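Heads up: the structure comes next, in structure tokens.
The values are calculated or read from the model by the stated rules, or taken from the named source; none is laboratory data. Note that this is a predicted model, so its numbers are computed, not measured. Cβ atoms come from the backbone with ideal geometry, glycine included; neighbour counts cover every protein chain shown. Note: areas computed on protein heavy atoms with side chains; ligands, DNA, RNA excluded. Shrake-Rupley method; radii C 1.70, N 1.55, O 1.52, S 1.80 Å.
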Amino acid sequence: MRKFSHYLVGYYGMHNAGDDALMLASMYGISTLAEHTNICVSATSTIYDLASQTLPPTLKARQSFRGQNRLKHYANALRSDTVVFGGGSVMHNSHDLKMKLDMLKFSGTGKSRAVGVSVGPFVDTSAERHCAELLNRLDFVGVRDQKSYDIVQSLAPNANCQLTFDLAPSLVSHPRFKALPAERSGILVNVCPIARGTHGNFDVQADERRIDHLADALIRIWNATGERISVISLNGHHEFGDDRLCELLVRKVSKVVPSRFIQYHTDTFSIIQLVGSFKACLSMRLHGNVFAFMTETPSFSLNYHPKCNQWCEQIGLPQQNRCDMTDFDPQTLTDQVIDGLENGFAIPTLTVDKAVQRSLSNWS
């Protein structure tokens, strides 16, 4: 007899608020599939479930030998009735895709699924081939954007795939999601490093130039509106996270503007509520903009990755609220934010209620 009803797999326990939200939304969704569920979660550190209870790590943050976490994945799958790949950009790497195929082989006879995921871009043709095999093996695939859906139709036209939505907005329907504050104040900002290529390398000088431009825009906005600036780290990972650039932005802005740095923390609902307390949100991280949408907070998507552009298209974010961070004009961003604060912001064409329905469709 297997110990767990589901093995939930994702980039969890890595101090990323977006992945934290995807994990909680997956737990919430799994609970809608059956009355009694017992979930094992892949995580490299202690995590917190929907009841704010601690769950111990099931993977190693630092492996004692090469392939240790692969074996742990297999052991977790072997003890589970089914595997759920819960959200995120999880279908693009050949090594990971082959491991996911093995997990399905080791798990029980329950219906496996990938939900709220994006597919591609692929590193090579081997990754495409393994992805096609995985798509055809899964009982259901819910992709969060049109581009991913088109890729699935090309790679695996017979797969049971539906265009659904990002998982996080489903949390709006959870009892822990709090009512929006009556009064809002200030501007919330998130910045992150931009990786070069597929190996996770960063162009430090380019990142710092972007920070200089953004600091210039924020100082101008404060001079015109008097709105306090808060900078939040949505990824606290020591190597790939936001802290260094967020702290750099605060140092540059605080010479002129009252500002503060908000560190990443594990209480996802608290972060979402915090986002909803501001008049506007400027975020590079995708889920900074997702949290803003969930709380009906006017957002400016500081796009650095195709997934950010795809999110903007999905919700119908007005063009003036989209900013290409690879080449942007601080004055244009300044003018757009000031105009929104003084005259009202343009809003997305998609309603939150409709987004919640689409998000929950990953489980229907």
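About the Cα centre of the range 140-199, what is the dipole size in debye to 20, counting +1 per Lys and Arg Cβ and -1 per Asp and Glu Cβ, all else neutral? Let's see the in-between values first.
Details: 6 positive and 4 negative charges, 38 e Å.
Dipole about the Cα centre, nearest 20: 180 debye.
At 1.4 Å probe size, what's the solvent-accessible area of Arg209? Round to the nearest 10 Å².
Rounded to the nearest 10, that gives 130 Å².
Solvent-accessible area per residue for the range 173-288 at a 1.4 Å probe radius, Å²? Before the final figure, lay out each step's value.
Numbers: 5300 Å² over 116 residues.
Computed with neighbouring chains in place, this is 46 Å² per residue.
Straight-line reach from Lys3: which lysines have Cα under 21 Å away, leaving out those fewer than 8 places along the same chain?
Cross-link targets: Lys60, Lys72, Lys100, Lys105, Lys111.
Could you work out how far the C-alpha centroid of the range 294-364 sits from that of the range 72-98, in angstrom?
Going from one Cα centre to the other spans 31 Å.
Suppose every Lys and Arg Cβ carries +1 and every Asp and Glu Cβ carries -1, with no other charges. What dipole size does the range 203-341 come out with about its Cα centre, to the nearest 20 debye? Write down the numbers at each step before the final one.
Details: 13 positive and 18 negative charges, 72 e Å.
Charge dipole of the range 203-341: 340 debye, to the nearest 20.
What dipole magnitude, in Debye to the nearest 20, does the range 102-164 give about its Cα centre under +1 on Lys/Arg Cβ and -1 on Asp/Glu Cβ?
Details: 7 positive and 7 negative charges, 44 e Å.
Its charge dipole is roughly 200 debye.
On a 1.4 Å probe surface of the protein chains, which of Asp207, Asp329 comes out largest in accessible area, and what is the full order?
On the way: Asp207 5, Asp329 80 Å².
Accessible-area ranking of Asp207, Asp329, largest first: Asp329, Asp207.
For the range 266-309, take N as its residue count and report Rg(C-alpha) divided by 2.2 N^0.38 Å.
Numbers: Rg = 10.0 Å, N = 44, 2.2 N^0.38 = 9.3 Å.
Dividing the Cα Rg of the range 266-309 by 2.2 N^0.38 Å gives 1.08.
Identify, among His15, Phe291, Val337, the residue whose Cα sits farthest towards the positive end of the charge dipole of the chain, taking +1 on the Cβ of Lys and Arg and -1 on the Cβ of Asp and Glu, with the dipole about the Cα centre.
His15
Taking the convex hull of the Cα atoms, report for the chain its projected area averaged over all directions, in nm².
On the way: hull surface 70.6 nm².
Value for the chain: 17.7 nm².
Counting only Cα atoms, I'd like the Rg/Rh figure for the range 223-266, Kirkwood definition for Rh. The partial results should precede the final answer.
Working: Rg = 11.5 Å, Rh = 11.0 Å.
Over the Cα atoms of the range 223-266, Rg/Rh equals 1.04.
Can you give me the long-range amide H partners of Ser299? Hydrogens built in the peptide plane at 1.01 Å from N, cutoff under 5 Å, separation of 5 or more residues or another chain.
Amide H neighbours of Ser299, under 5 Å, 5+ apart: Cys281.
If you roll a 1.4 angstrom probe over the protein chains with everything in place, what fraction of the accessible area of the range 131-190 belongs to carbon and sulfur, to the nearest %? Could you put the intermediate results ahead of the total?
On the way: 1210 of 2600 Å².
The value for the range 131-190 is 47 percent carbon and sulfur by accessible area.
Let me know the whole percent of all Cα-Cα pairs from the range 125-264 that are separated by more than 26 Å.
Values: 5021 of 9730 pairs.
For the range 125-264, the share of Cα pairs beyond 26 Å comes to 52 percent.
Only Cα pairs within less than 10 Å get springs; with that Gaussian network setup on the chain, which residue of Ser154, Ser277, Ser233 has the largest fluctuation?
Most flexible of the set in this elastic network: Ser154.
Quick one: compute the contact order of the range 108-250, relative version, from alpha carbon pairs under 8 angstrom and 6+ residues apart, as a percent. Show your work: numbers first, answer last.
Numbers: 176 pairs, mean separation 26.8, N = 143.
With pairs under 8 Å counted, the relative contact order is 19 percent.
Express in % the proportion of alpha carbon pairs of the range 1-60 at distances exceeding 17 Å.
Values: 579 of 1770 pairs.
Looking at the range 1-60, the distances longer than 17 Å represent 33 percent of pairs.
For the chain, modelled as a GNM with alpha-carbon contacts under 10 angstrom, which of Thr268, Thr46, Thr125 fluctuates the most?
Evaluated over the chain, the most mobile residue of the options is Thr125.
What percent do you get for the relative contact order of the range 40-159 when only Cα pairs under 8 Å and 6+ apart count? Don't skip to the end; give the middle numbers.
On the way: 196 pairs, mean separation 24.3, N = 120.
20 percent.
For a quick check, take a GNM of the chain with Cα springs below 10 Å and name the residue from Leu135, Leu350, Leu214 with the largest mean-square fluctuation.
Residue with maximal mean-square fluctuation among Leu135, Leu350, Leu214: Leu350.
Relative contact order for the chain: what percent, with Cα pairs under 8 Å and sequence separation of 6 or more?
Numbers: 725 pairs, mean separation 57.8, N = 364.
Taking the mean separation of contacting Cα pairs over the length of the chain, I get 16 percent.
Can you list the lysines whose alpha carbon is less than 21 Å from that of Lys354, not counting same-chain residues fewer than 8 positions off?
Lys147, Lys178, Lys307
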